[in-house]
1. Among the numbered criteria (1) under 14 Å from M156 (Cα atoms); (2) in contact with a His (Cβ under 9 Å, 6 or more places away or on another chain), which one does G99 miss?
2. Could you count how many residues in the range 100-114 are under 10 Å from P75 (Cβ atoms) and buried (at least 21 other Cβ atoms within 10 Å of the Cβ)?
3. Can H76 be described as modelled with pLDDT under 90, surrounded by 11 or more Cβ atoms within 10 Å (Cβ to Cβ) and more than 29 Å from T166 (Cβ to Cβ)?
4. Does V109 qualify as being of a type outside the set (G, A, S), under 27 Å from P150 (Cβ atoms) and in contact with a Ser or Thr (Cβ under 6 Å, 6 or more places away or on another chain)?
5. Going by the structure shown, is A50 in the same structural domain as S133 (by TED's automatic domain parsing) and farther than 21 Å from V158 by Cβ?
6. If the requirement is being in a helix (DSSP H, G or I), among the hydroxyl-bearing types (S, T, Y) and either at pLDDT 90 or above or touching a helix residue (DSSP H, G or I) at 6+ places or on another chain (Cβ under 8 Å) (or both), which of these qualifies: T43, T62?
7. In the range 122-144, what residues are more than 19 Å from P75 (Cα to Cα) and either of a type in the set (A, V, I, L, M) or modelled with pLDDT under 95 (or both)?
8. Among the residues of the range 145-152, are any at pLDDT below 85, surrounded by 13 or more Cβ atoms within 10 Å (Cβ to Cβ) and on the phi > 0 side of the Ramachandran plot?
Amino acid sequence: MSRWCAGRFAQGLVSGGAHATCSINGRGAACAPRTISRSTVVTGLAGSLALLPVAWAQGSATRRRVPQLPAANLPHDGKVPGAGEPIRVVGIGESSVSGVGLSRGDETVTAVTARALARHTGRPAVWRACGLSGATVRDALQRLVPRLAPEPADLMIVAFGVNDATSYRFPISLRR
């Protein structure tokens with residue numbers, strides 16, 4: 001039976017705080033405070049830093065080997081019926097907007113959001129998704145933004161950042 005508590009993270013692993021209450025088999029049980037010595041923390045950090053180049057090399061090799069999946073099939077825009085002025089929804093982003101893993105474009109986050117808005121308001125909705133699998137913010141500025149029509153939108157879904165983070169791009173590198 002484990003005596004480790006998830007609440008220990010909030011109390012701090014290095015300091016010995018008050019006893020936390022754990023739920024083991026539906027019953028509350030007191031967990032003893034866990035104290036970690038400084039030498040253990042230093043050893044763990046040194047080991048992590050020593051293995052960082054190996055982890056970086058493995059991550060880079062994996063990114064090169066894993067293929068980019070295709071976007072969802074058409075449609076990448078559509079209309080949802082309703083009464084009144086239409087709600088205009090535009091989505092721009094990476095794989096979640098382009099529909100990677102989906103069979104049809106009307107299953108993407110942009111289309112689903114437009115349908116939900118139309119259902120809740122009773123108004124029609126028109127939507128357009130402009131996505132690129134694997135896109136970074138820089139890719140969006142160069143390749144996706146120019147493809148957006150200069151029309152007003154009531155809601156714009158912007159989904160970027162994952163590919164920048166996984167390719168180790170820092171916000172300062174995005175400045176022009």
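1. Here G99 clears every test but (1).
2. Selection size over the range 100-114: 4.
3. On the way: modelled with pLDDT under 90: yes; surrounded by 11 or more Cβ atoms within 10 Å (Cβ to Cβ): yes; more than 29 Å from T166 (Cβ to Cβ): no.
No, not satisfied.
4. Working: of a type outside the set (G, A, S): yes; under 27 Å from P150 (Cβ atoms): yes; in contact with a Ser or Thr (Cβ under 6 Å, 6 or more places away or on another chain): yes.
Judged against the criteria, V109 is a match.
5. Values: in the same structural domain as S133 (by TED's automatic domain parsing): no; farther than 21 Å from V158 by Cβ: yes.
No.
6. Values: T62 fails: either at pLDDT 90 or above or touching a helix residue (DSSP H, G or I) at 6+ places or on another chain (Cβ under 8 Å) (or both).
That would be T43, the only listed residue that is in a helix (DSSP H, G or I), among the hydroxyl-bearing types (S, T, Y) and either at pLDDT 90 or above or touching a helix residue (DSSP H, G or I) at 6+ places or on another chain (Cβ under 8 Å) (or both).
7. Taking the range 122-144 and keeping what is more than 19 Å from P75 (Cα to Cα), we get 122-123, 134-143.
Passing the criteria: G134, A135, T136, V137, R138, D139, A140, L141, Q142, R143.
8. No, because not a single residue in the range 145-152 is at pLDDT below 85, surrounded by 13 or more Cβ atoms within 10 Å (Cβ to Cβ) and on the phi > 0 side of the Ramachandran plot.
The values are calculated or read from the model by the stated rules, or taken from the named source; none is laboratory data. Please read all numbers here as calculations on a predicted model, not as lab measurements. Every residue, glycine among them, receives a Cβ derived from its backbone with ideal geometry; neighbour counts consider all protein chains shown.
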